[in-house]
Amino acid sequence: MKITAGRIASAVLCCGVSNIAVAQEAAPAPQETAQMPQQTGAGDIIVTAQRRSQSLLDVPLAISALGGDTLETKGISNSASLATAVPNLQVSSSFGRTQPNFSLRGISVANEFNANQASPVGVYIDDVYIAARTSHGMGLFDLDRVEVLRGPQGTLFGRNTTGGAINFITRQPKLKGTEGYVEAGYGNFNTFKAQGAIETTMVEDQLGVRAAVNYEKGDGQIRNVYPGGPDANSVNTLQGRVALRAKPGDGALDIKIRAYAGRDRGTQATPLGIPSERAASGLGFFEVNENRVGLSRTNAWGAAANVSLELSPTVTLTSITSYDGGKLDLAQAADGSPQDVLDIHWKSKFRQFSEETRINYEGDSLKLVGGLFYGWDRTVTDNRFNIGSALGAGVDGGFFQHYRQDRRSYAVFLQGDYDLTDKLVLTLGARYTWDRAKYRDGYAFLFAGGVDDAMTPIATTVPCDTAPGTCAYDPNARFNLDGKNNALTGRAALSYTFDNGMLVYASYSRGYRSGAFNGGSYTSSAGVNYVEPERVNAYEAGVKGRLLGNALTLSAAGFYYDYTNQQVQDLRAGPVNILVNAPKAQVYGGEVEATLRAAPGFVINASAGYLHATYKDLTLQGVDLSGNALPFAPRWTAQFGFDWKVIDAGSDTVTFSPSVNYFSRQYFSPFNTTDVAGTGQVNSELQQGGYAKVDAALVWNHDNVQIRTWINNAFNRKVLAYGLDLRGAGFNYNLLVPAAPRTYGVTARLSF
């Protein structure tokens, strides 16, 4: 496809309008690189998307910034809910809130579901890259803001950001006085929520600490009619965080240390199950008949030290050191039926370490950010797949799988902004990355035994490159594999600021996701492979600024991607999972976000995204899928809402904040509706048609007391969140996971 200015402009203009979130506080000092949501006197949101503090309206990138108050107003309490506030963002998972799959502008893990894979949308906590996708399903609490950067971020954020980056920025001690809050809430499904934070300053401007905790427990949202069986998709989460900040003598050294821990113990997100059995039982959409609803046990913890030193008024040195870990222990009944057709025990442990050292230079006409990065992460997996009568009629069995994956990444990067004139800025940046990966201690075997029985090994399947059952069981057999990549990524942009403050920009950037091992191959070592890295060449043009006497804040962008080697799963009968590269895809579209202060006490916010994401070259199972849409890439997304201060009587205010979110049709599989002859596939089931959801909140504020009532999915829309082809793998149903039904409740908060 030929790229023209007219085509990019059309992509921008075809879209509607999104909220550019409002935050608080005073503008930060240049060396305070990251932690506090701030505004200038003109109301500009301060972000750190380019690893330095800038007004959101001055950054030549497509960014959505959501402040902590905005997250609360919109009822966004976990990362899976972000899609309701960010255009061209989708969040899906076969595990409910656990291990969410982020899709930005159509770039995602597609139909990949294994815990060892890296997300192509990089997820960060306070600039720390979080490798384990299990840890991405975090509850959102005590945040300053969330920055969502659309488009490849391979220069300053690094590898595995072909789709973009999401940076969760926590609240840090301000070193001023004492403050905090406590809140409690209750909702349907017997859901109780409690949250609180306290911050105290031991030495004014020099030493302070902040601690926060979040708790939520509720019954299952999917009713289980099986006698005595627990309801599915319940919540039971507890999280805590402590932040210490020291600035000795209120001088040039700023030390921020953060530690966190959390755990989830909710019931699984049960699939809808076998269609014939559902019809015979007369089950509703939010009902299942499942004999083995399991628990989704996850843990995450970590600590990070962010140390910055102002070497001079123009030079700041920053070091960010982190160590994080977690584990995944999911008992998933994947058949959604009272039979033991497919029961999986997913089990993995995660560890990671990272160090980034960077230097910022803030000159009059030149600004530079450069540095070094090192990252290491490890995944140890022990999965058990019980596949009913796998060994013959009435003879239960399945497969057990073990492996260890180690990845190391080294990088050097530099990006600079140079003022060609007082209005025209040139941005140039480059990053070189060395990635090394190891697949070690890999083995798998076919066993006899039911779900609750001990495993009796029968035959080794890894290492074994022939059909299951053809290699004798060898308890000492192991499979090892190495992989490595080097990559040059970068960015070039021109931005121009008009006299009225409007910014226009055009950019080119290159993103890269490192090669990957197939973590889903357990029936044969022939499928344990290392696939090529993904790469994206992205072209973008945009405009942002204020109009109508600063009443309207507007941001719009159009883009075109040349996307190669997307890593997708090819699921075949056996069941056999093969990780392959989709040679070529094309993505183009645009977004518009806007906030309009239409009248005193009445603010309209809206957004829209248009996306055309298709494979130009892809063959799976011998079928040409060129022209099919990428998974989790709806053509249209839109959001419209307003904040109406119904009552404004000094210390008492009442604000009504409704919103509607629309998503057009999206597919869950690269096959879309195409079926492979002789497989029994019914891929037309693996899609969700267009739908809209309505949310609303009513908030009363009186001095330091707030009472908030809220409702999400007000009209109880029946929506699928995820789908996976199991018919083609030899089962008589597809895995289809429903999204949440209507939820509502009330929350009270006391601030001090």
Quick one: which of 193/693; 484/584; 74/193; 247/367 span more than 18 angstrom between C-alpha atoms? 193/693; 484/584; 247/367
Take the Cβ-Cβ distance between residue 698 and residue 673 as r, set R0 to 45 Å, and report the resulting FRET efficiency rounded to the nearest 0.05. 0.60
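Enumerate by residue number the chymotrypsin sites (Phe, Trp or Tyr not before Pro) in the range 437-519 meeting two conditions: DSSP loop (anything except H, G, I, E, B), and at most 11 other Cβ atoms within 10 Å of the site's Cβ. Please list the in-between numbers first.
Working: sites: 439, 443, 445, 447, 473, 479, 496, 498, 505, 508, 512, 517; in loops: 473, 498.
Answer by residue number: 498.
Rounded if a/c is under 1.5, else prolate if a/b beats b/c, else oblate: with a ≥ b ≥ c from the C-alpha gyration tensor eigenvalues square-rooted, which is the range 137-276? Don't jump to the answer; show the numbers that get you there.
On the way: a/c = 3.73, a/b = 1.64, b/c = 2.27.
Verdict is oblate for the range 137-276.
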What distance in nm separates the simple spin-label points at residue 432 and residue 372, each placed 7 Å from Cα in the Cβ direction? 1.4
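What is the extension gain from residue 492 to residue 192, computed as 0.36 nm multiplied by their sequence separation minus the C-alpha to C-alpha distance, in nm to one decimal? Mind dumping the intermediate values first?
Details: separation 300, 0.36 × 300 = 108.00 nm, distance 4.89 nm.
Gain on extension, residue 492 to residue 192, equals 103.1 nm.
For residue 366, what charge total do you get from the other residues with a beta carbon under 10 Å from its beta carbon, if Lys and Arg give +1 and Asp and Glu give -1?
For residues surrounding residue 366, the net value is -3.
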Rounded to the nearest Å, the spacing of the alpha-carbon centers of the range 695-748 and the range 623-669 is 13
Are there any trypsin sites (Lys or Arg not before Pro) in the range 365-468 that are in a DSSP loop and have at most 12 other Cβ atoms within 10 Å? List them by number. 423
Among [x] 75, 53, 53; [y] 146, 87, 65; [z] 89, 66, 52, only one was calculated for this model; which label is it, if the read-out is Cα extents along the principal axes in Å? [x]
Dipole check, the chain, charges on Cβ (K,R +1; D,E -1), about Cα centroid: among 346, 82, 96 the Cα furthest to the positive pole belongs to 346
Go ahead and estimate [θ] at 222 nm for the chain from helices alone: -39,500 (n - 2.57) per DSSP H run with n ≥ 4, summed, over the residue count, rounded to 500. -1000 deg cm²/dmol
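Packing-wise, with mean Cβ within 10 Å as the measure, how do 461-470, 552-561, 725-734 rank, highest first?
Details: 461-470: 18.6, 552-561: 23.8, 725-734: 21.2.
Packing proxy ranking, top to bottom: 552-561, 725-734, 461-470.
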Charge dipole of the range 5-751 built from unit charges on the beta carbon (Lys, Arg +1; Asp, Glu -1), centred at mean Cα; most positive-end Cα among 650, 181, 359 is 359
Please check which bits of the range 571-588 a label hung off residue 619 would reach, taking the label as a point 7 Å along Cα-to-C-beta and the cut-off as backbone N under 18 Å. 571-572, 578-585
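Of the trypsin sites (Lys or Arg not before Pro) in the range 115-178, which ones lie in a loop per DSSP and count no more than 13 other C-beta atoms within 10 Å?
Working: sites: 133, 145, 150, 159, 171, 174, 176; in loops: 159, 171, 174, 176.
Passing sites in the range 115-178 are 176.
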Expressed as a rounded percentage, what relative contact order does the chain have, with Cα pairs under 8 Å and six or more residues apart? 12
Could you tally the net charge around residue 637, taking each other residue with its Cβ under 13 Å from the Cβ of residue 637, Lys/Arg +1 and Asp/Glu -1? +3
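Once you charge only the Cβ atoms, +1 for Lys and Arg and -1 for Asp and Glu, what is the size of the charge dipole of the range 378-532 about its Cα centre, to the nearest 20 debye? Intermediate values should be presented prior to the final figure.
Values: 15 positive and 15 negative charges, 90 e Å.
Here the size comes out at about 440 debye.
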Taking 0.36 nm per residue of separation between residue 424 and residue 705 and subtracting their Cα-Cα distance, the length gained on full extension comes to 96.4 nm
Residue (of 293, 690, 221) at the positive-pole extreme of the chain, dipole from beta-carbon charges: 690
Hey, what do the phi angles of the range 708-720 turn into as Karplus ³J(HN,Hα) couplings, whole Hz, using 6.51/-1.76/1.60 and θ = phi - 60°, x for Gly and Pro? 10, 10, 8, 8, 10, 6, 4, 9, 6, 5, 8, 10, 7
Report, in debye and to the nearest 20, how large the dipole of the chain comes out about its Cα centre when Lys and Arg carry +1 and Asp and Glu carry -1 on their Cβ. 560
For the range 145-152, in order, what is each residue's ³J(HN,Hα) by Karplus, 6.51 cos²θ - 1.76 cosθ + 1.60 with θ = phi - 60°, in whole Hz (x at glycine and Pro)? 5, 10, 10, 10, 9, 8, x, x
Relative to a virtual label point 7 Å from the Cα of residue 317 in the Cα→beta-carbon direction, which members of the range 405-421 show backbone nitrogen distances below 20 Å? 411-415
Reduced to Cα centres, the span from the range 289-309 to the range 53-101 in Å works out to 19
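How many Å³ per residue does the convex hull of the Cα positions in the range 348-489 occupy? Show your work: numbers first, answer last.
Working: hull volume 23.1 nm³, N = 142.
So the per-residue hull volume is 163 Å³.
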Any idea how far apart residue 537 and residue 467 come out in nm if each label point goes 7 Å out from Cα toward Cβ? 4.5
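Counting residues in the range 240-373 as N, plug N into 2.2 N^0.38 Å and put the Cα Rg over that result. If you can, show how the numbers build up before the last one.
Working: Rg = 24.8 Å, N = 134, 2.2 N^0.38 = 14.1 Å.
Cα Rg divided by the expected 2.2 N^0.38 Å: 1.75.
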At what distance in angstrom do the alpha carbon centres of the range 426-457 and the range 503-564 lie from each other? 25
Test item: Cα-centred dipole of the range 174-264, Lys/Arg +1 and Asp/Glu -1 on Cβ, debye: 180
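Just so you know, all these numbers are worked out from the coordinates, no wet-lab data involved. Here the structure is a predicted model, which is why all the values come from computation and not from measurement. Every residue, glycine as well, gets a Cβ built from its backbone with ideal geometry; the counts of neighbours run over all protein chains shown.
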